[in-house]
Amino acid sequence: LRSRTIVDIMNIIGRCVVAGNVRRTAEIAFGEVDDGDFLDLKNYVANPDRAAWGWVSNNSVFAQLGMDYNDICRRIVDNGEPGLCWLENMRAYSRMHDAPDWRDRRVCGGNPCMEQSLENGEMCNLVETFPARHDSLDDYVRTLECALLYAKTVTLVPSGVINGARTDAIVARNRRIGCSVSGVAQFLSTRSVDELRRWLDVGYRAIRRADVELSAKMRVSTSVKLTSVKPSGTVSLLAGATPGMHYPISRFYVRRVRLSSLNPIVGELRAAGHHSEPCVNSPDTTCIVSIPVDAGVGVRCAASVNMWEQLSLAAFLQRHWADNQVSVTVTFDPDHTPAGEIAHALDYFQYSLKSVSFLPTRAGGGCFPQMPYESIDEGTYKRLCSEIRGIRAAFADSDHSDEVYCDGDSCVW
């Protein structure tokens, strides 16, 4: 089978599973850097038929340290793919601030948003924290201890998957946890980079220390890795936080949420004044509802954070926090960012990251229809808010829906 056929089978199955946040799918496909078919999976000019299902997965290549990135970057400028995954770094390092320890030498990939290193058959286990919501470092350390207790307890639960004995054995051996930080942009709007470094370093040592104590009480092994930076999305919205390490597209923006067309809350949202429209990928089953958002005063916007700074922040978090990975989708303007500049950046950051993906975006929107985020001005934000009325309480807490695909900036595409 060609690599394209394998990914087509994956994606079409995933396409069948999706039903507007009632059922979701999150897939990642890994390929080799010299496989032209794989590299062009998101090239819908060359493969127009794949547009109907190609959006179901992220596609990344296993990059080799020191390789020539120019050919891959020409494709990245076109459609953002492939992403890159450096297995050597994933296997050799915990935090990249520390010396190589090869604790994860069996790792062979990761989850769809690449915040979690995984062995074949292993499951990810994520929990999210919001340092910007804490008044002090001591308070945040207490939150990390609670997050660890929760996630560690999850590792005790059988997976329940078919033929799950192998998966359960890997989980029991690794006890892998991904304790994530979100709202990084908000933290940096009120505190310095050095303060963030201190919180992350102190927090990492605290969670490592707590894992030793908790594992002894539970009579299980310590966790092979403990920390990640997930892309977040819906979860961070619940805390009023910016997603993961990413900056908002602008202070004022529209956040699009996918819901089942049969979900009764869609009618209520429409009646309350929210704009809604059929999803272009599944118009018969999925509805997209738009929500106006104000990210808050003082938070920098993505347009003011160039590609090099985004990569630097990801490397900073990979150094001081994530012993798994940092999920980062680097946004760039394809009209003003040549492929050679991206290749030049990767030459430097390949020694500081474990994975990275890119998303070409243009001012105010993106390269795809119905992007999860769309920039608006303050006047539009106020107008949209003025048109929204309250939702009946009977519907405000009914028929909960999960987020679709992966809830980061790129997985949905």
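Annotations for the structure displayed:
- Residue list for the range 196-253, filter: open to solvent by 20 Å² or more (accessible area, probe 1.4 Å) and among the acidic types (Asp, Glu): Glu213
- The set of residues in the range 362-375 that are modelled with pLDDT of 80 or more and open to solvent by 30 Å² or more (accessible area, probe 1.4 Å) comprises Tyr373, Glu374, Ser375.
- Inspection of the range 127-136 finds a residue satisfying the criterion of being touching a helix residue (DSSP H, G or I) at 6+ places or on another chain (Cβ under 9 Å), surrounded by fewer than 21 Cβ atoms within 10 Å (Cβ to Cβ) and of a type in the set (D, E, K, R).
- Test set (1) in contact (Cβ under 8 Å) with a residue 24 or more places away in the chain; (2) on the phi < 0 side of the Ramachandran plot - Gly298 fails condition number: (2)
- Candidate set from the range 67-94 (those that are among the small types (Gly, Ala, Ser) and in contact with an Asp or Glu (Cβ under 9 Å, 6 or more places away or on another chain)); member that is farthest from Leu311 (Cα to Cα): Ala92
- All told, Val235 meets the bar of being in contact (Cβ under 8 Å) with a residue 24 or more places away in the chain and on the phi < 0 side of the Ramachandran plot.
- When the range 239-269 is filtered for residues that are in contact (Cβ under 8 Å) with a residue 12 or more places away in the chain, more than 30 Å from Pro131 (Cβ to Cβ) and either outside any loop (DSSP other than H, G, I, E, B) or touching an Asp or Glu at 6+ places or on another chain (Cβ under 6 Å) (or both), the ones remaining, listed by number, are Leu259, Ser260, Asn263, Pro264, Ile265, Val266, Glu268, Leu269.
- Of all residue pairs spaced 6 or more apart or on separate chains, those with beta-carbon atoms under 9 Å, a first member in the range 159-180 that is assigned to a helix (DSSP H, G or I) and a second member that is of a type in the set (Lys, Arg) are Ile170/Arg106; Ile170/Arg176; Asn174/Arg106; Asn174/Lys225.
The values are calculated or read from the model by the stated rules, or taken from the named source; none is laboratory data. Predicted, not measured: the structure shown is a model, and the values here were computed from it. Note that each Cβ is placed from the backbone with ideal geometry, even for glycine, and that neighbours are counted across all protein chains shown. For the accessible areas, the whole protein counts, side chains as well, though only heavy atoms, and no ligand, DNA or RNA atoms are used. Shrake-Rupley method; radii C 1.70, N 1.55, O 1.52, S 1.80 Å.
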